[in-house]
Amino acid sequence: NAGVTQTPKFQVLKTGQSMTLQCAQDMNHEYMSWYRQDPGMGLRLIHYSVGAGITDQGEVPNGYNVSRSTTEDFPLRLLSAAPSQTSVYFCASSSAGTGRRETQYFGPGTRLLVL
Amino acid sequence: QQQVKQSPQSLIVQKGGISIINCAYENTAFDYFPWYQQFPGKGPALLIAIRPDVSEKKEGRFTISFNKSAKQFSLHIMDSQPGDSATYFCAPTSDRGSTLGRLYFGRGTQLTVWP
């Protein structure tokens, strides 16, 4: 049971390049989400999904796209990278059952630098 | 509008001392009050959580105190150890309505415990 996995661990991009951050979980969790973490800002929600085929925007969605074709995978796409997207990105998942949704399991993070 | 305010931003405590971190929230729909712990280079992990039907919950050296009328909750770490040095986040949430499983993170408290 690997939990939540994220790839890559580190990435350097040039402004305007696109890329996809991968996230996968093997706990059969319905709820998945992406956060970005910046110094002094805590974690801010980018996008989330309550199940396959269902996604919604979080607090800071601009510049990011998501899709959820399977329960296991929830990739985050940067369409045209900007220096403001330099951050550490975390994927998280949780069960959708009442009383269990609140405990979220986080991946190890992807550190992204946009030059 | 920042829904969650966490203090202090940083905390230095001597080994064996008590660490106290506070969290104030605005949204009365929150009904689950967790603290997450994050070590450098890792994703956050659930440390301890409380529901509003109790005023205090203790797990080993970690205690949550909850004040519903003041819309505040706090984390107390007794007999603080160097291994407790980490960043702590409060992240209240709800299992219903528009907040539906979303974590609202405070900005974090960086705790350093001196040996």
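The values are calculated or read from the model by the stated rules, or taken from the named source; none is laboratory data. Just so it is clear, the structure is predicted and the values come from calculations on it, not from any experiment. Every residue, glycine among them, receives a Cβ derived from its backbone with ideal geometry; neighbour counts consider all protein chains shown. Quick note on the areas: whole protein, heavy atoms, side chains included, nothing else; ligands and nucleic acids left out. Shrake-Rupley method; radii C 1.70, N 1.55, O 1.52, S 1.80 Å.
What FRET efficiency, computed as 1/(1 + (r/R0)^6) with R0 = 22 Å and r the Cβ-Cβ distance, is obtained for B:Arg61 and B:Ser10, rounded to the nearest 0.05?
Given R0 = 22 Å and the Cβ-Cβ separation, E is 0.60.
So what's region A:1-93 giving for Cα Rg divided by 2.2 N^0.38 Å, two decimals? Working shown, then result.
Details: Rg = 12.7 Å, N = 93, 2.2 N^0.38 = 12.3 Å.
Ratio of Rg to 2.2 N^0.38 Å for region A:1-93: 1.03.
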**Fill in**
Going residue by residue through region A:58-70, the Karplus relation 6.51 cos²θ - 1.76 cosθ + 1.60 with θ = phi - 60° gives ³J(HN,Hα) values, rounded to whole Hz and with x marking Gly or Pro, of x, 6, 10, x, 4, x, 10, 10, 9, 8, 9, 8, 10
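Quick check: from the Cα gyration tensor, does region A:40-115 come out rounded (a/c under 1.5), prolate or oblate?
On the way: a/c = 2.11, a/b = 1.55, b/c = 1.36.
Prolate is the answer for region A:40-115, as a/c is 1.5 or above and a/b outweighs b/c.
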**Request:** For region A:11-17, take each phi angle, set θ = phi - 60°, evaluate the Karplus expression 6.51 cos²θ - 1.76 cosθ + 1.60, and give the result in whole Hz per residue in order, putting x for glycine and proline.
**Result:** 8, 10, 10, 9, 3, x, 6
**Request:** For the protein assembly as shown, give the share of DSSP beta bridges that are antiparallel, in percent and rounded to the nearest 5; count only bridges with both residues there.
**Result:** 90 percent
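Take every Cα pair under 8 Å in region B:27-115 that's 6+ residues apart, average their separations, divide by the length, and report that relative contact order as a whole percent. Walk me through the numbers before you get to the answer.
Details: 174 pairs, mean separation 25.4, N = 89.
For region B:27-115, the relative contact order is 29 percent.
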**Item:** Label zone at A:Thr7 (point 7 Å along Cα-to-Cβ), backbone N below 19 Å, region A:26-63
**Value:** A:26-28
**Request:** Mind grabbing the accessible area of B:Asp84 for me, 1.4 Å probe, Å², rounded to tens?
**Result:** 10 Å²
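Stick to Cα atoms and the Kirkwood definition of Rh, then tell me Rg/Rh for the protein assembly as shown. Show your work: numbers first, answer last.
Values: Rg = 17.6 Å, Rh = 18.1 Å.
When Rh is taken as the Kirkwood radius, the ratio is 0.97.
How large, in Å, is chain B by the Kirkwood hydrodynamic radius built from its alpha-carbon pairs?
Working: mean 1/r = 0.0705 Å⁻¹.
The Cα-based Kirkwood calculation yields 14.2 Å.
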**Prompt:** How far, in nm, would the chain grow between B:Asp79 and B:Ile18 when pulled straight, counting 0.36 nm per residue and subtracting the alpha carbon separation?
**Reply:** 21.4 nm
**Item:** Integer Hz, Karplus 6.51/-1.76/1.60 couplings in order for region B:24-34, x for Gly and Pro
**Value:** 10, 10, 9, 7, 6, 7, 4, 9, 8, 10, x
**Message:** Full-extension gain between A:Lys14 and A:Asp26, please, as 0.36 nm times their residue separation minus the C-alpha to C-alpha distance.
**Reply:** 1.1 nm
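If r is the Cβ-Cβ distance from A:Ser80 to A:Gln57 and R0 is 22 Å, what FRET efficiency results, to the nearest 0.05? Mind showing how you got there, number by number?
Working: r = 18 Å, r/R0 = 0.82.
For R0 = 22 Å, the calculated efficiency reads 0.75.
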